[in-house]
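Chemist: This is the structure, below, for whatever I ask next.
The values are calculated or read from the model by the stated rules, or taken from the named source; none is laboratory data. Please read these numbers as outputs of a predicted model, since none were measured by experiment. Note that we place each Cβ from the backbone using ideal geometry, even for glycine, and neighbour counts take in every protein chain shown. Calculation scope for accessible area: heavy atoms of the full protein, side chains included, ligands and nucleic acids excluded. Shrake-Rupley method; radii C 1.70, N 1.55, O 1.52, S 1.80 Å.
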There are 2 protein chains.
Amino acid sequence: MKDCVFCRIIAGEIPAAKLIETDVVLSFLDIAPVNPGHCLVVPKRHVATLLELSQDELNICIFTVQRLAGAAARATGAVGFNVLQNNGRCAGQIVPHVHFHIIPRSPDDGFKFGWREGSYAEGELEEVQRGIRKLL
Amino acid sequence: MKDCVFCRIIAGEIPAAKLIETDVVLSFLDIAPVNPGHCLVVPKRHVATLLELSQDELNICIFTVQRLAGAAARATGAVGFNVLQNNGRCAGQIVPHVHFHIIPRSPDDGFKFGWREGSYAEGELEEVQRGIRKLL
């Protein structure tokens, strides 16, 4: 897609520090990393969200994430990592071309994901459960 | 594993609001949700991190995540979602049994992941790239 920065990286129009490239996916270093070694796995076909990936694309993406995560962590001296995949602007997705973040983590890296622990009112959990199951 | 809360849920010893169950994975609602519909996808075999999953387990997990994410978002009126998968205590992993969070998101949900945009010193990006590629 013409205006998509990831499509332009895939097409070679914008440079990137590439890591793994196959017919289906490209992975490269994020240039504004949360931590050193923060990288992205991107399917070459332009689709916006995880929901639009074929089963083959899904499999190849997650296999590439696994393969890369261990290497990115070890290469940067990290002892853990996050995989984060945002879908939709409200979920923090900036580039509307589906991508997986791999973020190497260390105890002293000073980074914290925001988190909150909500709760369900009485009966609400079961209602949400029924609502989801109906759509599966 | 005896002391693992997810293994105990899988074994039926602790109740959970189950969503999808196969021979390989179980998914259920998180009882302390970031947002309503926040659910977890967990392989039945106890391993700590993504790195230890077999290719089959990986494929089934990510397919279950995809299948569930759309339903969880629609059932709760969300328009986006995050998939988050933490590996290691320093990465925010509380239960040391690999799991994928699916978090439905809406523009007005008041939740923000922390984020920061770092940068590389001159030559550092290429050095990190070489370091990772050497380990692939």
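Chemist: Taking amide hydrogens as modeled 1.01 Å from N in the peptide plane, which residues meet the under 5 Å criterion relative to A:Ala48, leaving out close sequence neighbours?
Modeler: A:Val98
Chemist: Averaged over B:21-29, how many beta carbons belonging to a partner chain fall within 10 Å of each residue's beta carbon?
Modeler: Mean partner-chain Cβ count within 10 Å for B:21-29: 1.
Chemist: Counting only protein heavy atoms and a 1.4 Å probe, tell me what percentage of chain B's accessible area is made up of carbon and sulfur.
Modeler: Roughly 52 percent of what the probe reaches on chain B is carbon or sulfur.
Chemist: Inter-copy label distances at A:Arg116, 7 Å along the Cα→beta-carbon direction, one decimal in nm, shortest first?
Modeler: Distances to the matching label points in the other copies: 2.2 nm.
Chemist: If you count the DSSP beta bridges with both ends in the protein assembly as shown, what percent of them are antiparallel, to the nearest 5?
Modeler: 100 percent
Chemist: In whole Hz and in residue order, list the ³J(HN,Hα) couplings for segment B:76-86 that follow from phi through the Karplus curve 6.51 cos²θ - 1.76 cosθ + 1.60, θ = phi - 60°; x for Gly and Pro.
Modeler: 10, x, 7, 10, x, 6, 10, 10, 10, 9, 9
Chemist: On to the next question. Which whole number gives the average count of other chain Cβ atoms within 10 Å of the Cβ atoms across peptide A:5-14?
Modeler: If you average over the peptide's residues, the count of other-chain Cβ atoms is 0.
Chemist: List the distances, in nm and shortest first, from the label point of B:Met1 to the matching label points in every other copy, placing each point 7 Å from Cα along the Cα-to-Cβ direction.
Modeler: Listed shortest first, these distances are 4.0 nm.
Chemist: I need to check one value: relative contact order of segment A:5-135, counting alpha carbon pairs closer than 8 Å and at least 6 residues apart, in percent.
Modeler: 23 percent
Chemist: Something else now. Pairs A:Lys44/B:Lys112; A:Lys134/B:Lys44; B:Lys18/B:Lys44; A:Lys44/B:Lys134; A:Lys2/A:Lys44; B:Lys2/B:Lys44: which are spaced more than 25 Å apart, C-alpha to C-alpha?
Modeler: A:Lys44/B:Lys112
Chemist: Between segment A:50-88 and segment B:1-68, what's the alpha-carbon centroid distance in Å?
Modeler: The distance from the Cα centre of segment A:50-88 to that of segment B:1-68 comes to 18 Å.
Chemist: Using protein heavy atoms only (no ligands, DNA or RNA), what is the total accessible area buried between B and A, 1.4 Å probe, nearest 100 Å²?
Modeler: Adding both sides of the contact gives about 6000 Å².
Chemist: Would you mind working out the accessible area per residue for chain B, using a 1.4 Å probe, and quoting it in Å²?
Modeler: I get 46 Å² per residue for this part.
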